[in-house]
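Worksheet for the structure shown next.
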Amino acid sequence: MVASAAMATGRGKVILFGEHAVVYGHPALAAGIALGVEAEASPAPENLLTVDPWGVQVAPPGDGALQEPGEHADLAEAFAAAIASLPEGTDGATAVRAEVALPAAAGLGASAALGVAVIGALHERFGVTLSAEALSHKAQAWERVFHGNASGIDNHMAAHGGVARFQKGKPLTPVALTAPIRLLVAHSGEAGSTKEMVARVAEQYARNQGKLEKVFSGIAALVDQGELLLQRGDCEPLGELMQLNQALLSALMVSTARLEGLCKSALAAGAFGAKLTGAGGGGCVIALCPAKQEDRVENALTGEGATTFWTTLEHHRRERTNASA
Ligand code: PMV
């Protein structure tokens, strides 16, 4: 095996339509964003795999024993899953360093982006270049550590990027846009736990499967409509679909008063539509705005204490960096 330093990236994502329903086998539309995670894996002198900035130490490839995980038990478990995904016979002490530009617990897929970046860098370090599909598949085990019953949408988007339709068990389908679409992302400042929100929906599902399936079918119809409108770049009706999706997410009880307030403010300031993105319970809302109202909508949301950034939805494939030295 080649022993060298290597880098890889994982993207964050926004879910445009279909969160939660996607866990139950329905389709969703998502887009990779420029913010993400960059990881570097390089040979290390000690017989450990150390992961910074967390100072987590786990058994290196080729070694059996897991080190004391300390306060980052879930990260240590996820890193152990990353190591287990390396080809048999791979061994060597390694230092992994990750730069995380995404806020955690914000619905932007930070944990999957970290998984994809770390797994990509670890494989490159040992001379293995993974396809985006293989990378995404390997990152699913990582995601399970943090999110339990994850649909797989986050790791797919972290590995592939672009705008895509995702459905469990089907290949990711890129959505071709006629023109780039700008989207405002506003972080509420509340932390949302994906695991808790997915569990909350699961409880409701167990109590009233028929009702939840109706809600999910409604969301799936928005996904189908949304895909056509995205392809055409028809933003006003897309915004209306976002409103409808937000109402259905509220019905699933994954929205919060703060997220509802931010969506209302975006609309009042002229947005075509706004909704929470990701699991909810906190985290971010996304807003689609007429070009002339962009500043007004952004100012309305920052005025309420949200942290904002713009992302551009466009058709692109993930670029992998191979910095083998
Ligand atoms: O909150 P995030 O960024 O992890 O997104 C979760 C999306 C869900 O549909 C709620 C869960 C999933 O695994 O698809």
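The values are calculated or read from the model by the stated rules, or taken from the named source; none is laboratory data. Just so it is clear, the model here is predicted, and its values are computed rather than measured. Quick reminder, even Gly has a Cβ in these numbers, built from the backbone with ideal geometry, and neighbours come from all protein chains shown. To get the accessible areas, we keep the full protein, side chains included, count just its heavy atoms, and leave off ligands, DNA and RNA. Shrake-Rupley method; radii C 1.70, N 1.55, O 1.52, S 1.80 Å.
Each peptide in 195-205, 76-86 was scored by the mean count of other Cβ atoms within 10 Å over its residues; highest first, the order is 76-86, 195-205. Solvent-accessible surface of the chain, averaged per residue with a 1.4 angstrom probe and all protein chains in place: 40 square angstrom. Counting pairwise Cα distances across the chain, what percent come out greater than 38 angstrom? In whole percent, the share of Cα-Cα pairs in the chain beyond 38 Å is 16.
Think of each Lys and Arg Cβ as +1 and each Asp and Glu Cβ as -1; about the Cα centre, that makes the dipole of the chain roughly 940 debye. For region 183-283, a simple Cβ point-charge model (Lys and Arg +1, Asp and Glu -1, everything else neutral) yields a dipole of about 280 debye relative to the Cα centre.
Distance between the pseudo-spin-label points of Gln293 and Gln209 (7 Å out from Cα toward the beta carbon): 4.2 nm.
Could you order peptides 110-118, 302-310 by the average number of other Cβ atoms within 10 Å of their residues, highest first? If you can, show how the numbers build up before the last one.
Details: 110-118: 30.3, 302-310: 14.3.
Descending mean neighbour count gives 110-118, 302-310.
Measuring between alpha carbons in the structure, the pairs from Lys13/Lys195; Lys138/Lys168; Lys13/Lys138; Lys214/Lys264 lying more than 21 angstrom apart are Lys214/Lys264. The HN-Hα couplings worked out from phi for region 241-248 by the Karplus form 6.51 cos²θ - 1.76 cosθ + 1.60 (θ = phi - 60°) are 5, 4, 4, 5, 5, 4, 4, 6 Hz, whole numbers, x standing for Gly and Pro. Taking Cα centroids, how far is region 268-312 from region 105-153 in Å? Between the Cα centre of region 268-312 and that of region 105-153, the gap is 28 Å.
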